[in-house]
1. I need a count of the residues in the stretch 10-44 that are part of a loop (DSSP other than H, G, I, E, B) and at positive phi.
2. Report whether or not GLY48 is surrounded by fewer than 13 Cβ atoms within 10 Å (Cβ to Cβ) and not in a helix (DSSP H, G or I).
3. Filter the stretch 18-38 down to residues that are under 14 Å from GLY79 (Cβ atoms) and aromatic (Phe, Trp, Tyr) and give me whichever is surrounded by the most Cβ atoms within 10 Å (Cβ to Cβ).
4. Looking at ARG26, is it modelled with pLDDT of 95 or more, in contact with a strand residue (DSSP E or B) (Cβ under 8 Å, 6 or more places away or on another chain) and more than 18 Å from MET7 (Cβ to Cβ)?
5. Can you tell which of VAL61, VAL66, VAL74 is farther than 19 Å from ARG27 by Cβ, in a strand (DSSP E or B), of a type outside the set (Lys, Arg) and in contact with a strand residue (DSSP E or B) (Cβ under 6 Å, 6 or more places away or on another chain)?
6. Restricting to the stretch 59-82, and then to whatever is under 14 Å from GLU10 (Cα atoms) and without any contact (Cβ under 8 Å) to a residue 40 or more places away in the chain, can you tell me which residue is surrounded by the most Cβ atoms within 10 Å (Cβ to Cβ)?
Amino acid sequence: MGCIELMDFEILLSHTSFKEGREFIRRNFKDVYEVEPGYKLFDVYLIGVSPIVIGIENDHVIFPYVKPCHGTFVLKIEGGEEIGRLKSRI
């Protein structure tokens, strides 16, 4: 993939702080995983403040996406193989 903006995504929270995005995911999703900055998701390296929190709901991945000059967004994208890869880290 390589470009999140070309994927079919839903914005759950926009123009927020990284901390608010992390708290939103923890508060709204039961299946939550923590990764370090630089974790590769959909062929994109995630940036942000450690820990980066990623939620899973059914077949979707929910994660903070930092877009320089625009802030942090919490996105929901169909996870596919990424869900298995994330769960296998444990």
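1. Of the residues in the stretch 10-44, 3 are part of a loop (DSSP other than H, G, I, E, B) and at positive phi.
2. No.
3. Among residues in the stretch 18-38 that are under 14 Å from GLY79 (Cβ atoms) and aromatic (Phe, Trp, Tyr), the one surrounded by the most Cβ atoms within 10 Å (Cβ to Cβ) is TYR33.
4. yes
5. VAL66
6. Residue satisfying both the conditions and the ranking: PHE63.
The values are calculated or read from the model by the stated rules, or taken from the named source; none is laboratory data. This is a predicted model, so every value here is computed, not measured. Quick reminder, even Gly has a Cβ in these numbers, built from the backbone with ideal geometry, and neighbours come from all protein chains shown.
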